[in-house]
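Here's the structure we're looking at; comments come further down.
The values are calculated or read from the model by the stated rules, or taken from the named source; none is laboratory data. Keep in mind the model is a prediction, meaning the values are calculated, not measured. As a convention, Cβ positions derive from the backbone with ideal geometry for all residues, glycine included, and neighbour counts pool all protein chains shown. Only protein heavy atoms, including side chains, enter the accessible area calculation; ligands, DNA and RNA are left aside. Shrake-Rupley method; radii C 1.70, N 1.55, O 1.52, S 1.80 Å.
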Amino acid sequence: MISLVCRLCKRETVPYALKTIRTRISEYLSMTPKDDGDPATGHLQIFMSSSAPAVLVMLYMSPIRGNKEHADDSIRHFLDLCISELPKSLRSRCAPIVLEFCKLLRRIASDDPLYTCCRSSLGSMMEVIKVSWLLEHPESVKRAISIQEIFPFVSELADRLSKDLELSLISAASVGSWSDVLDFTMFLRPLRTAISGLKCFKHPISLPLKKKHHNVLMCTEEVELLSQIFEEMLMKMNKCLTGMEERLSAEVSGEIDILHPVWSRYLTILKELNAISKIYLGSEERFWTILSTRKCALCMLVVRYAKRNDDHKWLLEHKDIMDFESRRHLVMMMFPEVKEDFEEQHEILIDRSQLLSESFEYIANAEAESLHGGIFMEFKNEEATGPGVLREWFVLVCQAIFNQQNPLFVACPNDRRRFYPNPASTVEPLHLKYFNFSGRMIGLALMHKVQVGIVLDRVFFLQLGGYSISLEDIRDADPRLYNSCKQILDMDAESIDSDALGLTFVREVEELGLRRVMELCDGGKGIVVDSKNRNDYVIFL
């Protein structure tokens, strides 16, 4: 292949040159041992040691007619085969080769289409590549890629994105490349991971770096430059969000009626800036302080551009700076999308007189995956079908679940619209399965965007989230218990130690009109509540 390319560069005529080069590349990669070991490494190293990347780039730069197109097609063919033909375990072995293509092509121009393609291919390999802070032998295809080699791509892409952000403040017609945003995230993630893993730093890193870091570490410059990139892009994003709020305000007043095309990139860039902020001392607080002042713009971005397959955890960590509509949108994005394909629909036929029991049989026993599709629902002896009937079924079933004649849930004394699980639900032998069924029904209703008019109490949400419950949390859910506990905690020590209350570590529970005594801990009947253990008593209650 190298010999053929050299002949082309000497203006020799070579029949079927492109086909021959592609065939040689295909044969070479197909001969790669499939096991991720020394034989595979040695085989791929031939491509580097024979200077094949440099030869193909030389062909790409050749002024001779047709040579550039031949090289472009051949290099893209190599990139495609690395992904499609080699096992995933071996793709990382091709990364140094792709990196070499990038280095050579970057000398031509950073906006060259073939260079951009190679850079994106290298970025897609980042998830399987080991990144180290030490630059290893340049001819090895087994080596890790160093922070110093990744950083130029991060810096280059950050510069391009910054220019796009600047232009977006001037012209609504200015739209950056989505591929630049995606490449930025792909190169940035392994770089962040590598820097966060540097043991010579105290994390989060305090800047400026001390002299001892410069003496023992090669990548101190990159560590400091990444912080500068963060600061510059954060200021740009602040300006963009401010401009966005001004445009939104003008839109409300009727002056404009179009959204800026580049806004769709803002949320992804903010997510990456949030991740960088965790590396440096004080940066995370500054990031969220700025976003809190741009709350209107952030909420609009979430509602309009947050997608179902995106990772929203970074937003949920600071949900207090978002409004109800944006939080609701994030919650809805957590549910799988309803598949409308009729063949995948879950068919349900319900007798109204057996509404709860038959619905339980259909939903509780179904495979979870089968419920991700649409639901075809009809009532027995009724002709009506469609979305209206489905909505009615959701509402009726949820009303039946939370009906106070059923033992599953009880209403809060101060607000009969709010519910939490009934402590006496064990009187129903299948209560755990019915709770599972209840969760499925509520989840399905949310998936199908049906409001069933049920509100779960905050205490229950805290329990579902794995949070511990404080006494103040139960004030609204159970005011009687709250007042009793407050009275016990507020009593003076002398009174309670005199056994004035006559309490032990037990609690009375009512089930089906009968009351029984339940010990709060082992041997609770024999433990008298006093000033030393009253806090434990309240916690057990």
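So if I check each of SER110, SER120, which one is open to solvent by 30 Å² or more (accessible area, probe 1.4 Å), at pLDDT 90 or above and either part of a loop (DSSP other than H, G, I, E, B) or not acidic (Asp, Glu) (or both)?
Numbers: SER110 fails: at pLDDT 90 or above.
Among SER110, SER120, only SER120 is open to solvent by 30 Å² or more (accessible area, probe 1.4 Å), at pLDDT 90 or above and either part of a loop (DSSP other than H, G, I, E, B) or not acidic (Asp, Glu) (or both).
Any idea which of (1) in contact with a Lys or Arg (Cβ under 9 Å, 6 or more places away or on another chain); (2) of a type outside the set (Lys, Arg); (3) not in a helix (DSSP H, G or I) is the one ASN309 doesn't satisfy?
(1)
Within the stretch 40-80, which residues are open to solvent by 40 Å² or more (accessible area, probe 1.4 Å), within 18 Å of CYS117 (Cβ to Cβ) and charged (D, E, K, R)?
The answer is LYS68, GLU69, ASP73, ARG76, ASP80.
Quick check on the stretch 16-39: of everything there that is in a helix (DSSP H, G or I) and aliphatic (A, V, I, L, M), which residue is surrounded by the fewest Cβ atoms within 10 Å (Cβ to Cβ)? Break it down stepwise before answering.
Our first condition is that a residue be in a helix (DSSP H, G or I); within the stretch 16-39, this holds for 17-30, 38-39.
Adding the requirement that they be aliphatic (A, V, I, L, M) leaves 17-18, 21, 25, 29.
Working: ALA17: 19, LEU18: 16, ILE21: 25, ILE25: 20, LEU29: 20.
Looking at the filtered set, the residue picked out is LEU18.
Look through ILE442, ILE488 and report the one residue that is free of Cβ contacts under 8 Å to residues at least 60 places away in the same chain, of a type outside the set (D, E, K, R) and within 30 Å of ASN535 (Cα to Cα).
Working: ILE442 fails: within 30 Å of ASN535 (Cα to Cα).
Step by step, each of ILE442, ILE488 is checked, and only ILE488 is free of Cβ contacts under 8 Å to residues at least 60 places away in the same chain, of a type outside the set (D, E, K, R) and within 30 Å of ASN535 (Cα to Cα).
Yes or no: SER292 touching a residue at least 24 places away in the same chain (Cβ under 8 Å) and not in a strand (DSSP E or B)? First the steps, then the outcome.
On the way: touching a residue at least 24 places away in the same chain (Cβ under 8 Å): yes; not in a strand (DSSP E or B): yes.
Yes, satisfied.
Just to be sure before I move on: is TYR305 hydroxyl-bearing (Ser, Thr, Tyr), over 30 Å from LYS433 (Cβ atoms), surrounded by 14 or more Cβ atoms within 10 Å (Cβ to Cβ) and under 15 Å from the mean Cα position of the chain (by Cα) in the structure I sent?
Against the criterion (hydroxyl-bearing (Ser, Thr, Tyr), over 30 Å from LYS433 (Cβ atoms), surrounded by 14 or more Cβ atoms within 10 Å (Cβ to Cβ) and under 15 Å from the mean Cα position of the chain (by Cα)), TYR305 qualifies.
Taking the criterion of being at pLDDT below 90, under 16 Å from THR185 (Cβ atoms) and not β-branched (Val, Ile, Thr), would at least one residue in the stretch 293-306 satisfy it?
So far as the stretch 293-306 goes, yes, one or more of its residues are at pLDDT below 90, under 16 Å from THR185 (Cβ atoms) and not β-branched (Val, Ile, Thr).
So LEU471 fits all but one of (1) at positive phi; (2) touching a Cys at 6+ places or on another chain (Cβ under 6 Å); what number is the exception?
(1)
Exactly one of (1) closer than 30 Å to ARG458 by Cβ; (2) outside any strand (DSSP E or B); (3) open to solvent by less than 20 Å² (accessible area, probe 1.4 Å); (4) of a type in the set (A, V, I, L, M) is unmet by ALA366. Its number?
Unmet for ALA366, out of (1) closer than 30 Å to ARG458 by Cβ; (2) outside any strand (DSSP E or B); (3) open to solvent by less than 20 Å² (accessible area, probe 1.4 Å); (4) of a type in the set (A, V, I, L, M): (1).
Any idea which residue in the stretch 369-381 is farthest from HIS346 (Cα to Cα), counting only those that are in contact (Cβ under 8 Å) with a residue 12 or more places away in the chain and open to solvent by 60 Å² or more (accessible area, probe 1.4 Å)?
Pass one, the stretch 369-381, residues in contact (Cβ under 8 Å) with a residue 12 or more places away in the chain: 370-380.
Applying the additional criterion that residues be open to solvent by 60 Å² or more (accessible area, probe 1.4 Å) yields 376, 380.
Values: PHE376: 6, LYS380: 16 Å.
If we take residues in the stretch 369-381 being in contact (Cβ under 8 Å) with a residue 12 or more places away in the chain and open to solvent by 60 Å² or more (accessible area, probe 1.4 Å), then LYS380 is farthest from HIS346 (Cα to Cα).
Can you tell me which residues in the stretch 226-265 are at pLDDT 90 or above, over 18 Å from SER155 (Cβ atoms) and open to solvent by less than 10 Å² (accessible area, probe 1.4 Å)? Even if it seems obvious, please write down each step before you answer.
Step one: of the stretch 226-265, the residues at pLDDT 90 or above are 226-242.
Checking which are over 18 Å from SER155 (Cβ atoms) leaves us with 238-242.
Passing the criteria: CYS240, LEU241.
For VAL389, all conditions in the list (1) modelled with pLDDT of 85 or more; (2) over 23 Å from GLN463 (Cα atoms); (3) hydrophobic (A, V, I, L, M, F, W, C); (4) in contact with a helix residue (DSSP H, G or I) (Cβ under 9 Å, 6 or more places away or on another chain) hold save one; what is the number of the exception?
(4) is the only condition that VAL389 fails.
I'd like to verify a number: residues in the stretch 345-363 that are part of a loop (DSSP other than H, G, I, E, B) and at pLDDT 90 or above, how many?
Pass one, the stretch 345-363, residues part of a loop (DSSP other than H, G, I, E, B): 345, 351.
Still in the running and at pLDDT 90 or above: 351.
Selection size over the stretch 345-363: 1.
Give the residues of the stretch 382-417 that are among the basic types (Lys, Arg) and either part of a helix (DSSP H, G or I) or surrounded by 19 or more Cβ atoms within 10 Å (Cβ to Cβ) (or both), sorted by residue number. Talk me through it step by step, then tell me what you get.
First, pick out the residues of the stretch 382-417 that are among the basic types (Lys, Arg): 391, 416-417.
Scanning the stretch 382-417 gives a single hit, ARG391.
When you go through LEU8, LEU4 one by one, which is the residue that is assigned to a helix (DSSP H, G or I), without any contact (Cβ under 8 Å) to a residue 24 or more places away in the chain and more than 45 Å from the chain's Cα centre (by Cα)? Talk me through it step by step, then tell me what you get.
On the way: LEU8 fails: without any contact (Cβ under 8 Å) to a residue 24 or more places away in the chain.
Only one candidate qualifies: LEU4.
Sort out which residues of the stretch 87-102 are surrounded by 16 or more Cβ atoms within 10 Å (Cβ to Cβ) and not β-branched (Val, Ile, Thr), and write them in order of number. Break it down into steps so the answer makes sense when it comes.
Of the stretch 87-102, the ones surrounded by 16 or more Cβ atoms within 10 Å (Cβ to Cβ) are 90-102.
Listed by number, the residues that qualify are LEU90, ARG91, SER92, ARG93, CYS94, ALA95, PRO96, LEU99, GLU100, PHE101, CYS102.
Residues that are touching a helix residue (DSSP H, G or I) at 6+ places or on another chain (Cβ under 6 Å) and aromatic (Phe, Trp, Tyr): does the stretch 406-417 have at least one?
no
Quick check on ASP499: is it open to solvent by 60 Å² or more (accessible area, probe 1.4 Å), farther than 22 Å from ALA411 by Cα and under 44 Å from the mean Cα position of the chain (by Cα)? I'd like the intermediate steps shown before the answer.
Working: open to solvent by 60 Å² or more (accessible area, probe 1.4 Å): yes; farther than 22 Å from ALA411 by Cα: yes; under 44 Å from the mean Cα position of the chain (by Cα): no.
It is false that ASP499 is open to solvent by 60 Å² or more (accessible area, probe 1.4 Å), farther than 22 Å from ALA411 by Cα and under 44 Å from the mean Cα position of the chain (by Cα).
Quick one: count up the residues across the stretch 222-246 that are in contact (Cβ under 8 Å) with a residue 60 or more places away in the chain and either of a type in the set (D, E, K, R) or not in a helix (DSSP H, G or I) (or both). Before the answer, list the steps.
Kept after step one, since they are in contact (Cβ under 8 Å) with a residue 60 or more places away in the chain, are these residues of the stretch 222-246: 222, 225-226, 229, 232-233, 236-237, 239-240, 243.
Among the residues that remain, those that are also either of a type in the set (D, E, K, R) or not in a helix (DSSP H, G or I) (or both) are: 222, 232, 236, 239.
Residues in the stretch 222-246 being in contact (Cβ under 8 Å) with a residue 60 or more places away in the chain and either of a type in the set (D, E, K, R) or not in a helix (DSSP H, G or I) (or both): 4 in total.
Condition first: part of a helix (DSSP H, G or I), surrounded by 13 or more Cβ atoms within 10 Å (Cβ to Cβ) and at pLDDT 85 or above. Can you find one or more residues in the stretch 199-208 that meet it?
The first filter runs over the stretch 199-208 and keeps only residues part of a helix (DSSP H, G or I), leaving none.
Within the stretch 199-208, not a single residue is part of a helix (DSSP H, G or I), surrounded by 13 or more Cβ atoms within 10 Å (Cβ to Cβ) and at pLDDT 85 or above.
Exactly one of (1) farther than 23 Å from LEU241 by Cβ; (2) in contact (Cβ under 8 Å) with a residue 12 or more places away in the chain; (3) open to solvent by 40 Å² or more (accessible area, probe 1.4 Å) is unmet by GLU361. Its number?
(2)
Would you mention how many residues in the stretch 38-90 are among the basic types (Lys, Arg) and closer than 16 Å to ARG106 by Cα?
2
Look at LEU281 and say whether it is out of contact with any helix residue (DSSP H, G or I) (no Cβ under 6 Å at 6 or more places or on another chain) and surrounded by 12 or more Cβ atoms within 10 Å (Cβ to Cβ).
Working: out of contact with any helix residue (DSSP H, G or I) (no Cβ under 6 Å at 6 or more places or on another chain): yes; surrounded by 12 or more Cβ atoms within 10 Å (Cβ to Cβ): yes.
Against the criterion (out of contact with any helix residue (DSSP H, G or I) (no Cβ under 6 Å at 6 or more places or on another chain) and surrounded by 12 or more Cβ atoms within 10 Å (Cβ to Cβ)), LEU281 qualifies.
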